[in-house]
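A quick write-up on the structure given underneath.
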Amino acid sequence: MNIAVIGTGYVGLVSGVCFSEIGNQVICVDNNGAKVEMLNEGNVPIYEPGLKELMVSNMQAGRLSFTSNIAEAISQSDIIFIAVGTPSLPSGEANLSYVEQVAIEIGSHIESYKIIVTKSTVPVGTNDRVRELISSISSQPFDVASVPEFLREGSAVKDTLNPDRIVIGTNSDRAIKTLKKLHRPLTENLIITDIRSAEMIKYASNAFLATKISFINEISNICEKVGADVTRVAEGMGYDKRIGASFLKAGIGYGGSCFPKDTQALIQIAGMVDYDFRLLKSVVQVNQDQRFQVIHKLEEALGSLKGKTIAVWGLAFKPDTDDVRDAPAIDIIQHLSDAGAVIKAYDPIATANFRKEVDVASISWEENPLQAAEGADALCVLTEWKEFAHIDLTELAEIMKDPIMIDGRNLYSAEQVQASNLQYYSVGRPGLTKLEGKAAAII
Ligand code: UDX
């Protein structure tokens, strides 16, 4: 099939590459000329394992190309995917101006029947708006469909080529037939539904996953007070198929480009129809508070943070990405700096992006984890990068001024911790922390 993908951000680029990989002819469009040039030279602007290799091999096979000429891409394609950004407005609402701009461009250039598919995460009703905009400009035949994207950063290629399901929302039999054929090589689980339900499935899925994370984080806070181990609690819960084992890892809360934005947007969508989504508002608040558990534990261990040197391992919102959008590390480092601490930060690949987000004077950017930890009064683990998991904790404790570790991701096992000299605080595992005595006293 001939496909145009408009927008070469995370979703657009990965979708375009994967559609070409399964044998389609794909043109990806972006209005950023420098980015298009970079892509045409075989370079990927994001860090995503496996993406570059797949992109280059499909370009060499003649199935994938990049352009900033939207008219040319539209005229050569039967299916047009809209995959531009929908960033949050200050109110939390999704900013739809990019989607609307693309709809206007499509309306201006369409010359024969097309299927217009929205991949961007958009509020319920947006695809109807896309239809309205196009038909206000053009009388050519077209159908619209919502096919939301569920890929995760760091495993985007794998997720796109092996999705749990593909949701196809449209009221057109012709579009259903074509989109089924396009997606059939990826999965048998094709959910065919109306446009508004498809739009809602994406928000409801992300909100539910965010809810699981905030739920287990609250359980972890209670575990710390009653002397239970949240990792065992999550394991015991996860065997129940109705609950499921995934997304029950307690930590410092979710970040990234999707959960924070989509939860806020769904609260807004509900508000527009006079519905107060109380549960989701709490999920967001719990997530915000959870970041500061790291600070509370530091204060518990050190007292005042003024003048203290704090090492930070991990700046990305999760491992295997250089993305720092809404990363918990941003709020935590800002707070440490405001409290008068001196920060020594290290991340394997996200430092450059992080430096653009945070402007604090009292921070140094270190070359490796041990250099960051050397001479520190305490160390905080904020991202569970694999390279941190194998560090010798005994050696680590020796090079620190005070061997205090706040492990925000429960990266280390009881054996590793107990073999070391570390004063270790984790998340919801009080048996391994200095809070143990307190928990016993409360009970
Ligand atoms: C998410 C969704 O998973 C994906 O379906 C959607 O398309 C985009 O948003 P992503 O943001 O790439 O993907 O990351 P994900 O792996 O889902 O993690 C999100 C955040 O939740 C991370 O900050 C992670 O550290 C946190 N998380 C995840 C937890 O704290 N505990 C968990 O058990 C799982």
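The values are calculated or read from the model by the stated rules, or taken from the named source; none is laboratory data. As the structure is a prediction and not an experimental result, all values here were calculated from the model. Glycine also receives a Cβ, built like all others from the backbone with ideal geometry; neighbour counts cover every protein chain displayed.
Residues of the stretch 143-184 that are in a loop (DSSP other than H, G, I, E, B), surrounded by fewer than 18 Cβ atoms within 10 Å (Cβ to Cβ), among the charged types (D, E, K, R) and within 16 Å of the ligand (Cβ to nearest atom): R152, D164, R165. Scanning the stretch 129-159 for residues that are touching a Ser or Thr at 6+ places or on another chain (Cβ under 6 Å) and under 19 Å from T8 (Cβ atoms) yields L151, E153, G154.
Yes/no per residue for (1) closer than 12 Å to G314 by Cα; (2) in contact with a helix residue (DSSP H, G or I) (Cβ under 8 Å, 6 or more places away or on another chain); (3) assigned to a helix (DSSP H, G or I):
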{"position": "V360", "(1), (2), (3)": "no, yes, no"}
{"position": "S364", "(1), (2), (3)": "no, no, no"}
{"position": "Q371", "(1), (2), (3)": "no, no, yes"}
{"position": "G375", "(1), (2), (3)": "no, yes, no"}
{"position": "F388", "(1), (2), (3)": "yes, yes, yes"}
{"position": "I391", "(1), (2), (3)": "no, yes, no"}
{"position": "T394", "(1), (2), (3)": "no, no, yes"}
{"position": "A397", "(1), (2), (3)": "no, no, yes"}
{"position": "K401", "(1), (2), (3)": "no, no, no"}
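Of all the numbered requirements in (1) in a helix (DSSP H, G or I); (2) surrounded by fewer than 22 Cβ atoms within 10 Å (Cβ to Cβ), F19 misses one, and that requirement is (2).
Checked against (1) within 16 Å of the ligand (Cβ to nearest atom); (2) modelled with pLDDT of 95 or more; (3) buried (at least 16 other Cβ atoms within 10 Å of the Cβ), D377 passes all but a single condition, namely (1). Hey, can you tell me all the residues within the stretch 356-374 that are more than 24 Å from K306 (Cβ to Cβ) and surrounded by fewer than 16 Cβ atoms within 10 Å (Cβ to Cβ)? Hits for the stretch 356-374 are K356, E367, N368.
Are any of the residues in the stretch 275-287 touching a strand residue (DSSP E or B) at 6+ places or on another chain (Cβ under 7 Å), assigned to a helix (DSSP H, G or I) and surrounded by fewer than 23 Cβ atoms within 10 Å (Cβ to Cβ)?
Within the stretch 275-287, the subset touching a strand residue (DSSP E or B) at 6+ places or on another chain (Cβ under 7 Å) is none.
Among the residues of the stretch 275-287, not one is touching a strand residue (DSSP E or B) at 6+ places or on another chain (Cβ under 7 Å), assigned to a helix (DSSP H, G or I) and surrounded by fewer than 23 Cβ atoms within 10 Å (Cβ to Cβ), which makes the answer no.
Residues checked against (1) touching a residue at least 60 places away in the same chain (Cβ under 8 Å); (2) under 20 Å from the mean Cα position of the chain (by Cα); (3) on the phi < 0 side of the Ramachandran plot; (4) surrounded by fewer than 17 Cβ atoms within 10 Å (Cβ to Cβ):
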| position | (1), (2), (3), (4) |
| --- | --- |
| G62 | no, no, no, yes |
| T67 | no, no, yes, no |
| A71 | no, no, yes, yes |
| L96 | no, yes, yes, no |
| G107 | no, no, yes, no |
| I110 | no, no, yes, no |
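Checking the stretch 244-259 against the condition returns a match, with at least one residue being near the ligand (Cβ under 7 Å from one of its atoms) and in a helix (DSSP H, G or I). Which condition number does T263 fail, the rest of (1) away from the ligand (no atom under 11 Å from the Cβ); (2) farther than 30 Å from K401 by Cα; (3) part of a helix (DSSP H, G or I) being met? That leaves (1) as the condition not met. The set of residues in the stretch 344-362 being aliphatic (A, V, I, L, M) and closer than 19 Å to D326 by Cβ consists of A345, I349, A350, A352, V358, V360.
Test A329 against the stated conditions and say whether it is of a type in the set (A, V, I, L, M, F, W, C), away from the ligand (no atom under 16 Å from the Cβ) and outside any loop (DSSP other than H, G, I, E, B). Against the criterion (of a type in the set (A, V, I, L, M, F, W, C), away from the ligand (no atom under 16 Å from the Cβ) and outside any loop (DSSP other than H, G, I, E, B)), A329 does not qualify.
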